[in-house]
């Protein structure tokens, strides 16, 4: 005798036990400490903070451990926590001019005021697996400290009016996408906010497509800088700004060729990317996609996916995408039954029209 | 109850934002209202819209029922019920008649609803025209102009190709003669229950950040043609457990020879009938 399926609650409880056991692995191996994750998996921590939209290394490390290293799950955990936090206020725009630079490179000039500073990059490693764990080698100090402030490479071009001017004060107050729904057309500040939260892999793929003919972007890496910037707020009751801490960010300013149009003379144009922590791949991808999405404003013909803001922005969020793709695991018995019923009706009808028996007995045998 | 979170998880400001959107939705039946959908501790696509609507409505005296595919015991329904029991400490039930608030995915209960009940739908895609027009900017214009020719052409093409309308679930409806609306992926079998329902029906789409409503006793028509009127699924079989011949049936494969049996998808309706017969 068939009885209706019962026991969902118990099944979930057992599944959670199995998950906890699998996450922990062999109990004889010591559990990862959060400081180990923070110190030794710093780039993973940076990605989770960036796409989780919360700058907190400790919580990001906790999320990575709880998610057993599944970065998208860790991002989801951090987002779900972030959404419950009260908003005390909004910070003032970060002044990346005053960044305490640890890395700064330009692909456009051989030498630049302040110099090319490689910093801690994996760019020139030889990707050979280090089979032997080596004790850290002592770092060598530079002969002179880096200058306190480094001019931006793009400012040098702006001084010559070769690149479109950037007037930070003309920016409208940005919308908070975590409080307001995204609507179209989205302005540049909203688009950048969406891209900043967007999935690194998705943006990388889109950025790559702009280099392969799906949007003529002709980019140069004008400047990439990474280091610490101060975070300031201006509480209403004080009336002046106070520094509340500093965070690590990576900023990328792309320079793109522009042939002129929409009343704008030929000049270089800008694409912008910013990422929390060391996130160079993300910042560069973001800058390329930002520039591609400016096609309407610059009067360029939009024909590529990366230029289509509804397409790009609606599908960039990996928490949304992961949830909706995986919701297909949920039961769809009712809809599936409706489709079965329809197909059988159509098959019967077709058989009746052609005077033949349907290939299968519709509905199969009945218990 | 988990004391670290506010009653029903969401903070009161967020609930106020949701209630404003809900009031607007009730005032414009069937119109999709954008809202500041929050990130919930359950995945998008798994009921985050319905959960936010439920959280905005729940009071301490409410009795909550959660169903998925008509059943109270499907894992995601269990998980959502567990969530609210944990963050709101409210009473839950599996009985349709006992519930003040019912959150559902893909079904409307067979037991007729009352004026003092609210039905909250989980909605994956609130835009009924989305598969016909991918752009939000376009579909918004079409709604503003009440230009639903695309949908009529789609249904007409079905008839031209198959001799009948080939939409079996998420069957579009016209609410109060104005807005073309997705009833969420309920089977078209349930569409007639939307028309002049005594219960308030609210629809939440978390990922798509839209809320809409069908207020009580609102006219809801399933889109069709005079010569191809709307019809619903019918079965030659009856429920193998309760013998019902008027409920929506799930098909269950019971052996490896493809033998099927049919049972009510609404587990509460079925068990009430089975108990009454015992």
Item checked: Candidates B:33, B:80, filtered to the one that is under 17 Å from the mean Cα position of the chain (by Cα) and more than 30 Å from residue B:270 (Cα to Cα) -> B:33
Note to self: Being within 7 Å of another protein chain (Cβ to nearest Cβ), in a loop (DSSP other than H, G, I, E, B) and at pLDDT 70 or above is the filter here; which residues of the range A:344-366 pass it?
What the structure shows: none
Next item on the list: Check the range B:245-257 and report whether any residue there is in a loop (DSSP other than H, G, I, E, B), away from chain A (no Cβ under 14 Å) and over 15 Å from the mean Cα position of the chain (by Cα).
Entry: yes
Notebook entry, point to check: What pairs come up if the first residue lies in the range A:106-123 and is in the same structural domain as residue A:153 (by TED's automatic domain parsing) and at pLDDT 85 or above, the second is part of a loop (DSSP other than H, G, I, E, B) and loosely packed, with under 14 Cβ neighbours inside 10 Å, and their beta carbons are under 6 Å apart, counting only those six or more places apart or on different chains?
Noted result: A:114/A:147
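Residues are listed down the side, and each one gets a yes or a no for (1) more than 14 Å from chain B (Cβ to nearest Cβ); (2) free of Cβ contacts under 8 Å to residues at least 60 places away in the same chain; (3) out of contact with any helix residue (DSSP H, G or I) (no Cβ under 6 Å at 6 or more places or on another chain); (4) loosely packed, with under 13 Cβ neighbours inside 10 Å:
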{"site": "A:147", "(1), (2), (3), (4)": "yes, yes, yes, yes"}
{"site": "A:161", "(1), (2), (3), (4)": "yes, no, yes, yes"}
{"site": "A:169", "(1), (2), (3), (4)": "yes, yes, yes, yes"}
{"site": "A:172", "(1), (2), (3), (4)": "yes, yes, yes, yes"}
{"site": "A:181", "(1), (2), (3), (4)": "no, yes, yes, no"}
Note to self: Going by what's in this entry, would residue B:221 be described as more than 14 Å from every other protein chain (Cβ to nearest Cβ), assigned to a loop (DSSP other than H, G, I, E, B) and surrounded by fewer than 22 Cβ atoms within 10 Å (Cβ to Cβ)?
What the structure shows: no
Item checked: Test result for residue B:271, more than 12 Å from chain A (Cβ to nearest Cβ), buried (at least 16 other Cβ atoms within 10 Å of the Cβ) and over 30 Å from residue B:20 (Cα atoms) -> no
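May I ask you to say which residue of B:232, B:254, B:263 is without any contact (Cβ under 8 Å) to a residue 60 or more places away in the chain and out of contact with any helix residue (DSSP H, G or I) (no Cβ under 9 Å at 6 or more places or on another chain)? Steps first, please.
Working: B:232 fails: out of contact with any helix residue (DSSP H, G or I) (no Cβ under 9 Å at 6 or more places or on another chain); B:263 fails: out of contact with any helix residue (DSSP H, G or I) (no Cβ under 9 Å at 6 or more places or on another chain).
The match here is B:254.
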Item checked: Selected residue [outside the structural domain of residue A:38 (by TED's automatic domain parsing) and crowded, with 19+ Cβ neighbours inside 10 Å] from A:298, A:340, A:346, A:313 -> A:313
Check: Is at least one residue of the range A:70-83 under 21 Å from the mean Cα position of the chain (by Cα), surrounded by fewer than 17 Cβ atoms within 10 Å (Cβ to Cβ) and either over 30 Å from residue A:221 (Cβ atoms) or free of Cβ contacts under 8 Å to residues at least 12 places away in the same chain (or both)?
Finding: yes
Next item on the list: Check off (1) surrounded by fewer than 19 Cβ atoms within 10 Å (Cβ to Cβ); (2) part of a loop (DSSP other than H, G, I, E, B) for residue B:24 and give me the number that stays unchecked.
Entry: (2)
Check: Could you say whether any residue in the range B:144-162 is more than 14 Å from residue B:223 (Cβ to Cβ), within 25 Å of the chain's Cα centre (by Cα) and at the interface with chain A (Cβ under 10 Å from one of its Cβ atoms)?
Finding: no
Note to self: For the range B:8-15, check the following and say yes or no: at least one residue is surrounded by 18 or more Cβ atoms within 10 Å (Cβ to Cβ), farther than 14 Å from residue B:209 by Cβ and more than 11 Å from every other protein chain (Cβ to nearest Cβ).
What the structure shows: yes
Item checked: Residue in the range B:46-81 that is farthest from residue A:338 (Cα to Cα), counting only those that are surrounded by fewer than 24 Cβ atoms within 10 Å (Cβ to Cβ) and within 7 Å of chain A (Cβ to nearest Cβ) -> B:79
Checklist line | Yes/no for residue B:179 being more than 21 Å from residue A:341 (Cβ to Cβ), surrounded by 15 or more Cβ atoms within 10 Å (Cβ to Cβ), within 18 Å of the chain's Cα centre (by Cα) and more than 8 Å from chain A (Cβ to nearest Cβ) | finding: yes
Notebook entry, point to check: Are any residues in the range B:235-248 out of contact with any helix residue (DSSP H, G or I) (no Cβ under 7 Å at 6 or more places or on another chain) and closer than 27 Å to residue B:201 by Cβ, and if so, which ones?
Noted result: B:235, B:245, B:246
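If you check residue A:305 against the conditions, is it within 14 Å of another protein chain (Cβ to nearest Cβ), at negative phi and either surrounded by 14 or more Cβ atoms within 10 Å (Cβ to Cβ) or free of Cβ contacts under 8 Å to residues at least 12 places away in the same chain (or both)? It would help to see each step written out before you state the result.
On the way: within 14 Å of another protein chain (Cβ to nearest Cβ): yes; at negative phi: yes; either surrounded by 14 or more Cβ atoms within 10 Å (Cβ to Cβ) or free of Cβ contacts under 8 Å to residues at least 12 places away in the same chain (or both): yes.
Considered against the rule, which asks whether it is within 14 Å of another protein chain (Cβ to nearest Cβ), at negative phi and either surrounded by 14 or more Cβ atoms within 10 Å (Cβ to Cβ) or free of Cβ contacts under 8 Å to residues at least 12 places away in the same chain (or both), residue A:305 comes out as yes.
Could you check the range B:104-128 and list, in sequence order, the residues that are within 14 Å of chain A (Cβ to nearest Cβ), outside any loop (DSSP other than H, G, I, E, B) and either under 18 Å from residue B:78 (Cβ atoms) or at pLDDT below 95 (or both)? So that I can check it myself, show each step before the final result.
Going residue by residue through the range B:104-128, those that are within 14 Å of chain A (Cβ to nearest Cβ) are B:104-110, B:121-127.
Of the ones still in play, those that are also outside any loop (DSSP other than H, G, I, E, B) are B:104-105, B:121-122.
Across the range B:104-128, the qualifying residues are B:104, B:105, B:122.
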Checklist line | Single residue of A:322, A:341 found to be in contact (Cβ under 8 Å) with a residue 40 or more places away in the chain, facing chain B (nearest Cβ under 9 Å) and part of a helix (DSSP H, G or I) | finding: A:322
Check: Which ones in the range B:66-81 are touching a helix residue (DSSP H, G or I) at 6+ places or on another chain (Cβ under 7 Å) and over 22 Å from residue B:251 (Cα atoms)?
Finding: B:79, B:80
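Taking the condition of being over 19 Å from residue A:345 (Cα atoms) and within 8 Å of chain A (Cβ to nearest Cβ), how many residues in the range B:235-244 meet it? Walk me through it before giving the result.
First pass over the range B:235-244, keeping only residues over 19 Å from residue A:345 (Cα atoms): B:239-244.
Narrowing further to those that are within 8 Å of chain A (Cβ to nearest Cβ): B:240-241.
Qualifying residue count, the range B:235-244: 2.
The values are calculated or read from the model by the stated rules, or taken from the named source; none is laboratory data. Predicted model only: the values in this text are computed from it and were never measured. Every residue, glycine among them, receives a Cβ derived from its backbone with ideal geometry; neighbour counts consider all protein chains shown.
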